[in-house]
Each structure stands twice: as structure tokens, then as C-alpha cells.
1. What ranking, highest mean first, results for peptides B:66-75, B:230-239 when packing means the other Cβ atoms within 10 Å averaged over each residue?
2. Decide, for chain B, between rounded, prolate and oblate: order the square roots of the alpha carbon gyration tensor eigenvalues as a ≥ b ≥ c, take rounded if a/c falls under 1.5, and otherwise choose prolate if a/b is larger than b/c, else oblate.
3. What does the charge count near residue B:102 come to, summing +1 for each Lys or Arg and -1 for each Asp or Glu among other residues with Cβ under 10 Å from its Cβ?
4. Considering every residue in B:79-90, what mean count of other chain Cβ atoms within 10 Å of its Cβ is obtained?
5. Can you compute the helix-only [θ] at 222 nm over the protein assembly as shown? Use -39500 (n - 2.57) per DSSP H run of at least 4 residues, normalise by all residues, nearest 500 deg cm²/dmol.
6. Nothing charged except the Cβ atoms of Lys and Arg (+1) and of Asp and Glu (-1): what's the magnitude of the dipole of chain B about its Cα centre? Round to the nearest 20 debye.
7. If I model a spin label as a point 7 Å beyond the Cα along the Cα-Cβ vector, how far apart are those points for residue B:192 and residue B:245 in nm?
8. Please give every one of the lysines within straight-line cross-link reach of residue B:257, meaning a C-alpha to C-alpha distance under 27 Å, and leave out same-chain neighbours fewer than 8 residues apart.
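Read-outs throughout are calculated quantities, based only on the coordinates presented, and are distinct from any laboratory measurement. No experiment lies behind these values; they were computed from the predicted model shown. Heads up, the Cβs are rebuilt from the backbone with ideal geometry, glycines too, and the neighbour counts pull from every protein chain shown.
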Amino acid sequence: MNRSLSIRLAPWVFTIALLVLWELAVALLRIPVFFLPPPTAVARATFEFWPAIYRNSLFTLATTMIGFALAVGFGLALGLLVGWSRTIYAGLYPLMVGFNAIPKVAVVPILVLWFGIGFVPAFLTAFLISFFPIVVNVATGLATIEPELEDVLKGLGASKLDIMQKVGIPRSLPYFFGSLKVAITLAFVGSVVSETIASNYGIGNLMLQAQAQFQVPLIFAGLIALAVEGIVMYWAMAVLERRMTGWAQRSGFAQG
Amino acid sequence: MSAFVALEGVSHVYGGAGGTLAVEGLSLSVERGEFAAVVGPSGCGKSTLMKLATGLQFPFKGTIRIAGEAVTKPVKIAGMAFQAPTLLPWRTTLENLLLPLEIVQPHRSQLSRKKGEYVARAEKLLASVGLGGVSAKYPWELSGGMQMRASLCRALIHEPDLLMLDEPFAALDAFTREELWGVIRDLHAARRITVVLVTHDLREAVFLADRVFVMSARPGRILLERRVHFERPRDLEITYTPEFQAVAHELREHIHKARQ
């Protein structure tokens, strides 16, 4: 078979294979629906509760994107700041690592205390969980400027701002766009965690309610909806990355 | 004395007081338009010499003068090229060449007005090192030797009076290296520019330079100054003559001693 065609088809084939395996396992092992519903039951639940799933998916998507947008802005700014000065780097890095180590589930109750339940803690959680990889990547891009190149530019009388503009920022862009793929999926985790704990809307809340009513296929339908959203947004970020930093991606390493 | 590059009794320490002494009591002077080569065992502070002479670092003892002025900030009349071509991968060769003009005055403020003129200058410079027609290519589309040529062009685009080369050809294969010797020789002849070449290749030093300085092992200082009298323009063939070999051999002896 044509190699590029097989690469194009591979994701679909693997996904369908997984679903078939899942269906067969449930049938052969006689797993009860309330324990692990087969894909067909999940599909049926999706169809049956489509309006609710659709509405809540959009809500979760909007929440996530707002948190993600904040993370991009803040992460980029902080990354540039940390990459700009060694002192700021030394001062902020341990704080950021410490902050990143805190499970964001533990932060949600505090956010609820401040902002009440609902939308605000959800997008804030999405923001808090997803800005860290952006900061680290942008700072890494800046930290790995070749010293010789810096010498050449400094020798010409370049200010730090010049070096940042001409070399630092373009250089850190591939790192930045790469980090967006990680950040967007983390943002989904953040908003859903918060919705599950403290919201009346969103996929997280939908799944919590489905659990309370013991509608296990609906829980899985919610999971699938999230996975689909995650894949779509990840793919969008990957496309953006390729568009913006084509110069950094010419390796044929993984093309086999 | 009106040397163009003058270092007098220069000492430099890395890592603050009590750090390693990189160079000590280093003195050398290079005339305007002269081609000087500095050779020495590895780790003898040759690169430190580069940084000091271009004002990227300042000595804790001694004075450095370029064109009669004490060096207190980066020397803008110098162009630099290193072993790594350090071209920006997101810029075409032409855009890479224009980078210094985006930074150094007065070109910086004239760039948008005189863009056409600068592009023409860059194209001409590229053509003069045998890189005609590659200006729209990205660095990764060029071979190592071509990248080095482009890097040399970048060092020369703002028409500096002084060209500082830090082992520029060390990463290239022998044939490409000899080709580039010719390129540098011709650039020097055409522009009457002062060149300081740091290298560990004796043939390279003797072939290109008017004067060769031999540095001692760390902390580096000048052990020997050897004038090279071969007539210019020099052909690569002279590197195979007994006279040439004798000079290279003599320098080699000194470096051998310096390493002990």
C-alpha cells in the first residue's frame, strides 16, 4: 500500500480497532453495563443526550479556551521575563516549580471561596494548570541562544532588547508553539476538574450528575466528548505550530 | 607608535578574583591593513584575546587600544566570525547578511530608506566569495563551507576596519578550508582591512598572515613574533615549498615547547 495513504489512514484504523477490542472485551467477559459500558451503549447515550452533551461541551470548550488564552498571554510574558534576566530566573524558578507541584484540585476550593462556584474558578483552574509549560519553553528558547552569536551582536553595539528582538524571540517561537500542544490538553484537565467539583455547567458537571444517577454510559459519553475536543484543539495547535515555525521542522526523523 | 590594534601588558581572569588566569602580561600590536595570526596550544587564551580586543570583555590589568582609542565598550568597527557559522535559521542568507545593518549605526536608522542599496551591497559581497545566487536560500540549504562564507560576509557587511576571526575554518574539511583561505586572502587584499586570525593551524597562519604570534600555554602571553615575508598575492602552491615548510616547522617547534 502507498506509504502516505497508510499514514493518513492509521489514526482511524487504530481508533476503530480500539473500539472493536473494547466492544468484544465487554461482550466476551460479560462485563455489566454499569461497570464498563460497550462503545455501542456509549454511542446510544450520546445520541439520546445529545442536546445536553452538545451544550455542556461548548461550555467546557469556551471555559478552557479562556483559561488557555490567559495562560498563553501570561506564560509568554513570564517566559520572556524569566529568560531576560538570570536574577529573575533564579528568583522565580523555585516558586514556579513549587506552584506547579501543587495539585490544582486543591486550589479549586480556594477559588470557589473567592469567586463562588461556576465559570470563574473553572477557567482560572485551566489557566493555572496550563501556563507552566509555556513559561518553561519560552525561557528555554531564550536561554539557548548561541554565545558566539550574542558576541557578534554585542560587538556591533546591540542592546539586550535588540538581541531579544532579533534572536531571542524568533528562536524561542518553536519552543513556544510546541508548548501550546501540551498546554491546551492541560487546560482541559483544569476546567473539567473544576467543573466536577464546583459548577452547574460543563462536561465535568454533566459527568458528575450522570454518576449520581448511575448513568454509566453517559459518563463515558462525556469522556469521549472531552477526548474529541482535546484532539481537535491539539491538532489545531499542531497546525499553528507548523505554519508559524516551518523553518524549525525539517527533520525527516519520524517520517518512516 | 601608531599600531591599529595594541594590547599592552594585558592580564585577564575568568570567574572573578582568584579565578583562572586566562592571559597574563600579554602584549601585541597589529598595524593597519596587516594580517596577523595568533597560534598557540589549545586553551591558551586565544579566544580571550578575541573578546578583549573587541571590547566584549575588559582586562583587569593592562590597556587595549583600537585605532588609537582605549577600548571601553564593544568595538563597532570590528566584524567577527567564529568556528560555528551561527546563521539564523529562520532568515534567508540575504536577511542574515543584513542583520548587522539592523543593529549598527548609522545603517540602522537608514535601513528602510536605503534598503535597495544595502541589498545590492550584500549581493555583491556574496558574489565576491562565490555565493552568487544563494541569497534567497536558508542556511540549512547551504553546505558547511558555504555557511562559513556567508558568515564571513555577515562579518564584513558593515564594512568594518578590523576583522576578527576565531578559528573560522576549524570545522571544515581540508579542501573547503583551503578554498576559504583563498577567499579570505582575496577579501583582505581587496579591502585593505586589518585581520586578526586566531587559529591552531600553522599552515593556515603562515599562508595568510604577514605576522604570526605564538602564544604560550595558559596563562597566555606572546612567546614569539614571526614575520612572514612571502610575496603577495600568495598562491596555495607556496605551502608546498621548502621555504614555507621551514617557517611552519620553526613555529611548530615553539608551540611544542609552549605545550610543555
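1. Taking the mean over residues of other Cβ atoms within 10 Å, the ranking is B:66-75, B:230-239.
2. oblate
3. 0
4. Averaged over the peptide's residues, the number is 5.
5. Calculated from helices alone, the mean residue ellipticity at 222 nm is -19000 deg cm²/dmol.
6. Once rounded to the nearest 20, the dipole reads 740 debye.
7. With each label point 7 Å from Cα toward Cβ, the separation is 3.8 nm.
8. B:46, B:51, B:61
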